[in-house]
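Notes follow once the structure below has been shown.
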Amino acid sequence: MKLISRTALYFTIIISGLAGSASASTPNPTTEPLVQPSNLVYLGSFQLPRIPCSSPTYGCFYYGGTAITYNATDNSLYVVGHPYGDLTAEVSIPTPVKSASPNDLPTATLLQNFTDSLEGKRNSVNPPDTNPHYIGGQLVYNGKLIISVYSYYDGAGTQSTSHFTRPLNLTTTGQLAGPFRVGTLYPGFVSGYMTVIPPEWQPLFGGPALTGNCCLAIASEQSNGPAVSVFDPSTLGAQNPAPATPILGYPHSNPVSYQGTQSAWGVTSDVYNGTTDITGIAFPVGTRSVLFFGSQGTGPFCYGPGTSTSPPPSGYCYDPAASGKGTHAFPYAYQIWAYDADDLLKVKGGIEPQYTPEPYNIWQLNLPFSSDTNLHKLGGVAYDPTTSRLYISQECVYANCSPIIDVFEVNMGASAAPPGTEPSAPSNVIVN
């Protein structure tokens, strides 16, 4: 008698279930291709409106461009602006252009002005905490705007809720619902980026959407690598907590590893350390790749104030990109952590713990308009499943630390130009 492994048995069961609930012509998504660097084709960029910024509202995009999400109804983006205001606006999507200067890029039109989408309730996710709270992610889902919020520095570990729902019309008041708890893990594992699961994968994962976060302050409480859970936004407010199934996450005792090499907070690493910042996720249709987007310090890790003096004085960290006291690992890079959805299904099925999957690839994104002394921060990623376009918010790249939106197409038949052969249309550079 031929023995079958537990993993193989699980896949046999879930694929049989999928076949039983769909037509015989339904393709098996677990055999779909993996996204590689050459499959991300740069189409061009556009800039967000240059709105003057002032206290006390800070209704502008300076230092912002975070928590973006795609709205198919208006072919638009919801975007959060300056962190002092943490206000949401809706902008149009102009035709992207390849240019050597951000000043020559087309400008999006403001469709809905900056608004406190949470109606003064942002801090209610963690009332005892007097530190700032920020919008970590937004998702347009079934005619509503889903918003997640995280505590910036939750030293006492008191955050217990994270998600809100509201109408897409930002001027509508009195219909905000939340905050709600999602799942049973500490909210730092779910309080950021969100995306919809492709329809062909939803029966396997048991839900329509993903929500996660990574790498916030107080590493002992947060995920030390990309975290994500399956959830159904329609259960927010209907069930307490809203059910969520963790399929990836790295507690402090089990940080993310890559190709068998374990990373950790406070080390020099291309995978994860105290400088890692992951702010976006996409699950492209027609693939089995779950992509996480962010930035990574790839140089020597150091904690302390930064300085451009080399060698640095005693107690300082060499970092011409950031002078503040904190974690440093200059130079920094835009980066993608790519996971095989089949590996995440093993966690969903109880085959493996959430900290077992490793990325099948990690690579850097060579985005336009950045320099070596740039922190390479990404504000977030929005995905349009109809066109397979990714809208990547590149923070602080021109006047007044304004963001731009870089547009890529996920093209599974594409082959990117070799690095350096098309300066105005940046190619991708593999780290490992």
(message) Give me the net charge for the shell around TYR150: Cβ to Cβ below 14 angstrom, other residues only, Lys and Arg +1, Asp and Glu -1.
(response) -3
(message) If packing is taken as the average number of other Cβ atoms within 10 Å across a peptide's residues, how do 175-184, 400-409 rank, most packed first?
(response) 400-409, 175-184
(request) Please give the calculated 222 nm ellipticity per residue for the chain, where each DSSP H segment of at least 4 residues contributes -39500 (n - 2.57) and the sum is spread over every residue; nearest 500 deg cm²/dmol? (result) -2000 deg cm²/dmol
(request) Averaged over every viewing direction, what's the projected area of the C-alpha convex hull for region 112-195? Give it in nm², one decimal, please. (result) 5.5 nm²
(request) Return the lysines within reach of LYS346: Cα separation strictly under 24 angstrom, same-chain partners fewer than 8 residues apart disregarded; answer none if there are no such residues. (result) LYS2
(request) For region 154-276, would you read off the P(r) tail past 16 Å as a percentage of all alpha carbon pairs? (result) 64 percent
(request) Would you list which aspartates and glutamates come within 18 Å of LYS377, measuring only between C-alpha atoms, while excluding same-chain residues fewer than 8 positions from it? (result) ASP86, ASP270, ASP277, ASP319, GLU395, ASP406
(request) Sort the following peptides by mean Cβ neighbour count (other Cβ atoms within 10 Å, averaged over residues), highest first: 69-76, 259-266. (result) 69-76, 259-266
(request) Find the accessible area per residue for the chain; the probe is 1.4 Å, ligands and nucleic acids are left out, and the unit is Å². (result) 39 Å²
(request) Mind checking which lysines have their Cα closer than 22 Å to the Cα of LYS144? Skip sequence neighbours fewer than 8 apart in that chain. (result) LYS121
(message) Given an 8 Å cut-off on Cα distances and at least 6 residues of separation, report the relative contact order of the chain as a percent.
(response) 17 percent
(request) Quick one: work out Rg over Rh on the C-alpha atoms of the chain, Rh as Kirkwood radius. (result) 0.95
(request) Between beta-carbons, use under 15 Å as the cut-off and find the net charge around THR279, counting Lys and Arg +1, Asp and Glu -1. (result) -3
(message) Given an 8 Å cut-off on Cα distances and at least 6 residues of separation, report the relative contact order of region 179-249 as a percent.
(response) 35 percent
(message) Just to confirm my numbers, what's the Cα centroid distance between region 358-410 and region 304-352 in Å?
(response) 16 Å
(message) Per q in 0.22 Å⁻¹, report the Debye log10 I(q)/I(0) for region 42-104, using one uniform scatterer on each alpha carbon and no solvent.
(response) -0.95
(request) Based on the mean of other Cβ atoms within 10 Å per residue, sort peptides 299-308, 351-360, 267-276 so the most packed one is first. (result) 267-276, 351-360, 299-308
(request) For the chain, give the magnitude of the charge dipole about the Cα centre (Cβ charges: +1 Lys/Arg, -1 Asp/Glu; no others), in debye to the nearest 20. (result) 460 debye
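So, counting K/R as plus one and D/E as minus one, what does the shell of residues with Cβ under 13 Å around PRO357 add up to?
-2
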(request) Once you have all Cα-Cα distances for region 141-187, histogram them in 5 Å bins from zero and send the whole-percent values. (result) 5, 20, 25, 22, 12, 11, 5, 1
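The values are calculated or read from the model by the stated rules, or taken from the named source; none is laboratory data. Note that the structure is a prediction, hence the values are computed from the model and not measured. Note: ideal-geometry Cβ built from the backbone for every residue, glycine included; neighbour counts use all protein chains shown. Each accessible area value is taken on the protein alone, full model and side chains, heavy atoms only, with ligands, DNA and RNA left out. Shrake-Rupley method; radii C 1.70, N 1.55, O 1.52, S 1.80 Å.
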